[in-house]
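These notes concern the structure reproduced below.
The values are calculated or read from the model by the stated rules, or taken from the named source; none is laboratory data. The shown structure was predicted, so the numbers you read here are calculated from the model rather than taken from an experiment. Ideal geometry is used to build each Cβ from the backbone, glycine not excepted, and the neighbour counts take in all protein chains shown.
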Amino acid sequence: MPRAVFCLFCMLCLSAFCKAQCLKIYGRITDAYSGKRVSGATILFKTKEKQQVLFETKMNGLYQISLPCDAQSVVIEAKGYRSQKLPFNIIERLENASFYAPLLLVATDKQISDQPYFQTDQHHVTLNENNTGKQGSTVRVFEIVDALTGKRVAAELCLFYTKTGARDCQQMASGGAGYETTFREADIVAIEVKSAGYQSYFGNLIMDQLDSKKSTYQIRLSRSTNLLSVFINADSKSIKCQLTGDKPVELSSSDGVHFFADILPRKSYTLQINDKTGKTLAAKTFSSKEGINFYALNVNAPAGKLAKPIKRPLIMQPGAFDTVKRVLYFKQSDYHLSDENKLRLDSIAAWLSSDPTHFLRITGHTDNTGPANLNHILSEYRARVAYHYLEEKGAARGQMKYTGAGSNSPNAANDIETNKIKNRRVEIQLMKNL
């Protein structure tokens with residue numbers, strides 16, 4: 001093959017490959033119960049021909065992936081958690097747009113006797129020989145509940161008995177009584193539960209306790225992930241997005257470009273984009289599907305020019321270390337965290353989670369306005385809210401200490417308001433040990 005033709009062929013192949021990778025997604029994977037970041041979570045891209053590992057999360061739970069334009073789904077797997085398949089629905093896209101998608105994982109039920117558990121946690125099973133031939137019976141009640149709220153949900157419950165091959169399926173009503181059944185012999189029973197809006201449950205039950213007692217099982221269903229992820233390319237960063245209807249839903253965003261909200265599948269929505277004055281800049285109607293729905297829009301922006309996200313104040317790169325104090329400022333007599341303070345704490349929490357040998361000392365301060373004893377209480381409140389926010393974001397208690405110093409350590413003279421502002425603060429000191 002002539003060199004020029006070969007080079008042209010390679011350029012075309014490379015161009016086709018780069019163009020194919022058009023779905024860029026990033027976010028954080030967290031435990032649905034505790035909010036802790038999930039490390040070691042694997043994101044898999046599966047096709048008929050192969051399975052490809054795209055990403056494995058570290059201690060901060062963050063991920064970033066690129067997928068072909070025709071990608072239909074990914075699978076999220078993590079040890080100790082229920083795997084999750086996420087279908088994709090690209091409503092509309094822009095070249096080089098990216099999407100934010102936070103993901104939740106629910107822990108699996110471990111294999112134990114006389115309790116339902118996930119089939120993925122199945123190990124070698126042998127029935128208790130002392131109970132295998134034992135005469136007797138036991139009554140069990142099956143309740144199907146939402147894994148997060150604990151509320152009973154409508155579902156179809158099917159029990160498959162290993163010894164007899166019998167199949168027992170029941171329709172469970174939302175909020176209704178559980179299904180009561182009597183076991184008259186030791187057995188291993190397969191359990192299958194299906195419910196609209198939830199991931200299917202496939203579990204097992206080792207029934208070897210014919211104790212003539214009555215007890216209840218709760219089978220926890222994980223909600224299907226149904227998310228709207230929006231990229232807005234606008235000439236203004238002061239915009240808001242909402243889904244209109246009987247109950248309007250405002251989309252969340254931390255940078256004014258990437259927005260997201262939980263939605264219901266197979267519904268018609270209108271996405272409305274407003275400026276800071278409330279003026280409607282655009283309104284688009286779309287139909288949602290199961291999984292993650294991606295929508296990228298141009299709003300009064302020059303064609304071909306993408307908006308830049310608002311720069312987040314990154315305090316510390318994971319693994320790095322310095323002795324510079326990080327400072328959060330507060331309004332007069334106030335201890336609530338501003339949005340800017342929360343962004344700073346998000347970065348500190350990620351840094352703290354990246355290495356268990358990192359530590360923080362958090363100290364609250366006030367100006368000299370008011371009684372000294374009340375200032376000391378206020379300074380401790382300021383330090384405490386920072387401490388608890390970091391804990392909610394995954395930082396371990398053992399890595400942090402907080403205290404209040406009142407007005408005893410001003411950063412500036414307490415003579416004028418511009419100086420007093422500098423004293424209403426929380427100082428966060430990065431440390432090698434506490």
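Descriptive notes on the structure:
- Test result for residue 408, at pLDDT 90 or above and either charged (D, E, K, R) or farther than 24 Å from residue 254 by Cβ (or both): yes
The rows are residues; the columns are (1) under 28 Å from residue 105 (Cα atoms); (2) surrounded by 12 or more Cβ atoms within 10 Å (Cβ to Cβ).
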| residue | (1), (2) |
| --- | --- |
| 165 | no, no |
| 176 | yes, yes |
| 179 | yes, yes |
| 183 | no, yes |
| 189 | yes, yes |
| 192 | yes, yes |
| 198 | yes, yes |
| 204 | yes, yes |
| 214 | no, no |
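- Filter result for residue 227 (within 30 Å of residue 119 (Cβ to Cβ) and among the aliphatic types (A, V, I, L, M)): yes
- Tallying residues that are of a type in the set (Asp, Glu) and modelled with pLDDT of 90 or more within the stretch 336-387 yields 2.
- Residue count, the stretch 32-75 (criterion: part of a strand (DSSP E or B) and in contact (Cβ under 8 Å) with a residue 60 or more places away in the chain): 3
- Listed by first and then second residue, the pairs with beta-carbon distance under 6 Å, at least 6 apart or on different chains, first residue in the stretch 162-190 and free of Cβ contacts under 8 Å to residues at least 40 places away in the same chain, second assigned to a loop (DSSP other than H, G, I, E, B) and surrounded by 12 or more Cβ atoms within 10 Å (Cβ to Cβ), are 173/154; 174/153; 174/154.
- Within the stretch 77-102, being among the hydrophobic types (A, V, I, L, M, F, W, C) and either in the same structural domain as residue 347 (by TED's automatic domain parsing) or farther than 15 Å from residue 229 by Cβ (or both) holds for one residue alone: 78.
- Identification of strands (runs of 3 or more DSSP E) wholly contained in the stretch 174-257 with 1 or more residues that are closer than 20 Å to residue 151 by Cβ yields 179-183, 187-194, 201-207, 214-221, 226-234.
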